[in-house]
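Colleague: Quick one: structure below, then a few questions.
Every read-out reported here was derived from the displayed coordinates using simple, explicitly stated rules and does not represent laboratory data. On a predicted model such as this, the values are computed, not experimentally measured, just so you know. Here the Cβ positions follow ideal geometry from the backbone for every residue, glycine too, while neighbour counts run over all protein chains shown.
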Amino acid sequence: MNPPLVTGDMLRAAIPFILLAAGGTVVSLAGAWRSKRGALFAALFLVLAFWKLFPLLDLEKGIELWDGAVVADRMSAFLGGMLLLSGLFALIVSPPVLRREGRNRAEYYGLILFSLSGMVLFVSTTNLLVLFLALELMSIPLYVLSGYNRGDDRSGEAALKYFLLGSFSSAILLYGAALLFGATGTINMAAMTGGDPLLATAGAFLVLTGFLFKMAAVPFHMWAPDVYDGAPTPITSFMATSVKIATFGALLRIFSLAGGAANPFAHILTGENAAKILPWLAVMTMTLGNVCALTQTNIKRMLAYSSIAHAGYLLLGLIPGSGAVDAKGILYYLFAYLLMTTGAFTVVIALSTRDKGREVTGVERYAGIGFRRPFLGIAMAVFLFSLAGIPPTAGFFGKYLLFSGAVHRGLTPLVVVAVLNSALSVYYYLRPVVVFYMRDTDTPVRVDDALSLRVASLAAVVLLIWFGCLPNIGSLPGVPALLHWVGSAAAALP
Amino acid sequence: MIIGTENYLAVSLLLFVIGAVGVLARRNLLVVLMSVELMLNGANLAFAAFARARGVLAGDVIVFFVIAVAAAEAAVGLAIVVALFRKRGTVNLDRFTSLHQ
């Protein structure tokens, strides 16, 4: 007898994916009647999806959905959880900003849900068609969202720039997918073997190039500072975190397939000459990100360059060296990166003001904030310390895992460069803290005291320190519990 | 004369390269948008040619999806261009420089 086409397990595993896409539709439509409540509706769907995703963390074995096009396993559950957390932060911090500008509409939240549904699919697939569709589903709403602030010229330009380079990179990825299909005759990357080596390698390189564009790795990073600067700050925060999680998550899944020597991606990772490309990219990305961040006076641009540098650190984990891809280190680092970056952007939102419709985010304006607003000062200090990798924060622990993993895989020279880079980064991460506490002005600074901003930054601070140093306390999960989840998610990969 | 897969592939590569050069070199936004479409269609042609050569239907299916996605992308891209044109009265890429300050 044939096995049943759809089982209860499959339906249960598919629900989070469906909820996000359905949520996007419902929230956008409901906006026609209840436009003011968009954030609440969207949060409802998000929390539901989160709740349905949670049991998948304990799956014994991955469940293949839609004829194997999408795989629900512990890896996609963990990455999906992080993506939803990033989306939840965006839903919490957006309303104060949008209300300030009188454009708190439901479409905005609907687009966030659509984008999230694309990202969750993106990290759960090895099918070229679904990969491309998910990539576009996550990107197209982000193009719109980065131009959401129509009163500001820079927002429109950010949308344009993101759209042009985004669609350019999607087209490159698609051409790579065509070559991979031509070489191997299948669109399932897990089943790809052999084929014409020239076509397969060229295809794998083009697909990788598409990914590098999305994660803003050098030399495909030019768009990131401008787009991060021009987009509305909650969206900057959302895309800085979730797009990175999505691209690195998808790459982890694809690269872990390269264990089979005949897989096209094995040419890139373990081939004679090709193996040298990723290390160079990692070094260039982290160095250029850090060096450019040194001279920035606009905090959004500084954080943009810092996110490029973090992509460089994360790329270290993707280099197999003498072992396999370091999924564990990457996942822990992504979790820390998510919290510290969203947190830092939340403080930027609370402190930003507008001048003639333009957002002003210069660092020098923050003089004396540390004493006048103790909580914001301390929160920002924690986020920046964590970004710089100073203990006892999760940023430090993540970096430690990533770097020590790389040393074990025989990548010591790269780790030396990475450590030097993080020493360099301390300089620019500490500068805002210095301005916060050591300078003072008489000009009063307007601070947005919205409750949601405070809740979001408090949550980020607590989680960062909690998962940076605390053990499991009773039934409350601490560092060991997170390590366990990360480890079991990583073990779900082939 | 037999037109083989490699001929289709050559044309598709040509389309893709023309599109890529167009995106990088042209300054008129509408031309740039069209160039992106050319790149996608180059990939489509490659998919269709490979699907035919290998007798695998998946490649043809992808082409349909890509056509739909390209339409969605073009809609969003044109909306962004129109919004910018209303504000600035130009579609020349070199005039959009307010992010460099």
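Colleague: Using only Cα atoms, what is the ratio of the radius of gyration of the stretch B:5-92 to 2.2 N^0.38 Å?
Modeller: So the Cα radius of gyration is 1.27 times the expected 2.2 N^0.38 Å.
Colleague: Which value, to two decimals, describes the C-alpha radius of gyration of the stretch A:400-464 once divided by 2.2 N^0.38 Å?
Modeller: Here the Cα radius of gyration is 1.72 times the empirical estimate.
Colleague: For the charge dipole of chain A, defined by +1 on Lys and Arg C-beta atoms and -1 on Asp and Glu C-beta atoms about the Cα centroid, which residue among A:Phe397, A:Leu278, A:Phe41 has the Cα displaced farthest towards the positive pole?
Modeller: Selected residue: A:Phe41.
Colleague: May I have the extent of the alpha carbons of the stretch A:314-467 along their three principal axes, as whole Å values ordered from largest to smallest?
Modeller: Rounded to whole Å, the extents work out to 57, 30, 28 Å.
Colleague: So, R0 is 25 Å and r is the distance between the beta-carbons of B:Ala83 and A:Trp66; what FRET efficiency does that work out to, to 0.05?
Modeller: About 0.10, to the nearest 0.05.
Colleague: Just the C-alpha atoms of the stretch A:144-303: what Rg/Rh do they give, with Rh taken as the Kirkwood radius?
Modeller: Ratio of gyration radius to Kirkwood radius: 1.03.
Colleague: Separate question: Can you give me the three principal axis dimensions of the stretch A:82-182 from its C-alpha atoms, in Å, biggest first?
Modeller: 52, 29, 17
Colleague: Now for a different question. Taking amide H positions as placed 1.01 Å from N in the peptide plane, with prolines and chain starts having none, which residues 5 or more places from A:Leu470, or on another chain, fall under 5 Å of its amide H?
Modeller: Excluding prolines and chain starts, which carry no amide H, the hits are A:Val479.
Colleague: If you rank A:Lys36, A:Lys214, A:Lys61 by fewest surrounding Cβ atoms within 10 Å, what's the result?
Modeller: A:Lys61, A:Lys36, A:Lys214
Colleague: I'd like the FRET efficiency for A:Tyr400 and B:Val11, computed as 1/(1 + (r/R0)^6) with the beta carbon distance as r and R0 of 41 Å, rounded to 0.05.
Modeller: About 0.20, to the nearest 0.05.
Colleague: Rounded if a/c is under 1.5, else prolate if a/b beats b/c, else oblate: with a ≥ b ≥ c from the C-alpha gyration tensor eigenvalues square-rooted, which is the stretch B:41-101?
Modeller: It comes out prolate by the Cα gyration axes.
Colleague: Considering only the other residues whose Cβ falls under 13 Å of the Cβ of B:Val69, what net charge follows from Lys and Arg at +1 and Asp and Glu at -1?
Modeller: Value of the local net charge: -3.
Colleague: Give the share of C-alpha pairs in each 10 angstrom bin for the stretch A:284-324, from 0 to the last occupied bin, in whole percents, shortest bins first.
Modeller: Reading upward from the zero bin: 34, 40, 18, 7, 0.
Colleague: Okay, next question. Dividing the convex hull volume of the alpha carbon atoms of the protein assembly as shown by its residue count, what do you get in Å³ per residue?
Modeller: 155
Colleague: For the stretch A:428-494, treating each Cα as an identical point scatterer without solvent, what Debye log10 I(q)/I(0) comes out at q = 0.14, 0.16, 0.25 1/Å?
Modeller: Per q value, in the given order, log10 I(q)/I(0) is -0.72, -0.82, -1.09.
Colleague: How high is the FRET efficiency between B:Asp60 and A:Ala481 when r is their beta carbon distance and R₀ equals 45 Å, given to the nearest 0.05?
Modeller: For R0 = 45 Å, the calculated efficiency reads 0.40.
Colleague: Now for a different question. Tally Lys and Arg at +1 and Asp and Glu at -1 over the other residues with C-beta under 12 Å from the C-beta of B:Leu33: what net charge comes out?
Modeller: Residues near B:Leu33 contribute -1 overall.
Colleague: Okay, next question. Taking the Cα centre of the stretch A:8-491 as the origin, how large is its charge dipole in debye, to the nearest 20, when only Lys and Arg (+1) and Asp and Glu (-1) carry charge on their Cβ atoms?
Modeller: Dipole of the stretch A:8-491, to the nearest 20 debye: 1060 debye.
Colleague: How much length is gained on full extension from A:Asn472 to A:Thr7, taking 0.36 nm per residue of separation minus their Cα-Cα distance?
Modeller: Here the answer is 163.8 nm.
Colleague: Select from A:Trp466, A:Val363, A:Pro225 the residue farthest towards the positive end of the dipole of the protein assembly as shown; place +1 on Cβ of Lys and Arg, -1 on Cβ of Asp and Glu, and compute about the Cα centre.
Modeller: A:Val363
Colleague: Calculate the radius of gyration of the Cα atoms of the stretch A:170-237 to one decimal place, then report Dmax, the largest Cα-Cα distance, as a whole number, both in Å.
Modeller: Expressed in Å, the Cα Rg and Dmax of the stretch A:170-237 come to 15.5, 46.
Colleague: Follow-up question, since we're still on this one. Using 0.36 nm times the number of residues separating A:Ile465 and A:Asp58, minus their current alpha carbon distance, what extension gain do you get?
Modeller: Residue separation times 0.36 nm, minus the Cα-Cα distance, leaves 144.0 nm.
Colleague: Report, as an integer, the average count of C-beta atoms from other chains found within 10 Å of each Cβ along B:81-89.
Modeller: Partner-chain Cβ atoms within 10 Å, mean over residues of B:81-89: 3.
Colleague: Let me ask something additional. Looking at the square roots a ≥ b ≥ c of the eigenvalues of the Cα gyration tensor of the stretch A:221-316, which shape do they give, rounded for a/c under 1.5, prolate if a/b is larger than b/c, or oblate?
Modeller: The shape class here is oblate.
Colleague: Compute log10 of I(q)/I(0) for the stretch A:374-417 with the Debye formula, placing one identical point scatterer on every Cα and leaving out solvent, at q = 0.16 Å⁻¹, to two decimals.
Modeller: Once normalised to I(0) and log-transformed, intensities are -0.49.
Colleague: Moving on. Counting other beta carbons within 10 Å of each residue's own, what order do A:Asp67, A:Asp153 fall into, fewest first?
Modeller: Result, fewest neighbours first: A:Asp67, A:Asp153.
Colleague: Looking at chain A, which longest stretch skips every one of the GluC sites (Glu not before Pro) that is in a DSSP loop with at most 11 other Cβ atoms within 10 Å, leaving the sites themselves out?
Modeller: The reported range is A:273-494.
Colleague: Report, as an integer, the average count of C-beta atoms from other chains found within 10 Å of each Cβ along A:151-163.
Modeller: Taking the mean over all residues of the peptide, I get 5.
Colleague: To continue, here is another question. Other chains' Cβ within 10 Å of A:132-142 residues: what's the mean?
Modeller: Per-residue shielding by partner chains comes out at 3.
Colleague: I've got another one for you. Between A:Gly151, A:Phe335, A:Ala77, whose Cα lies farthest towards the positive end of the dipole of the protein assembly as shown when Lys and Arg beta carbons carry +1 and Asp and Glu beta carbons carry -1, centred on the Cα centre?
Modeller: Most positive-ward Cα: A:Gly151.
Colleague: What span do the alpha-carbon atoms of the stretch A:12-90 cover on each of the three principal axes, reported in whole Å from largest to smallest?
Modeller: 43, 26, 15
Colleague: Against the longest alpha carbon principal axis of chain A, how many degrees, from 0 to 90 and to the nearest 10, is the axis of helix A:327-351 turned?
Modeller: Orientation of helix A:327-351: about 30 degrees from the principal axis.
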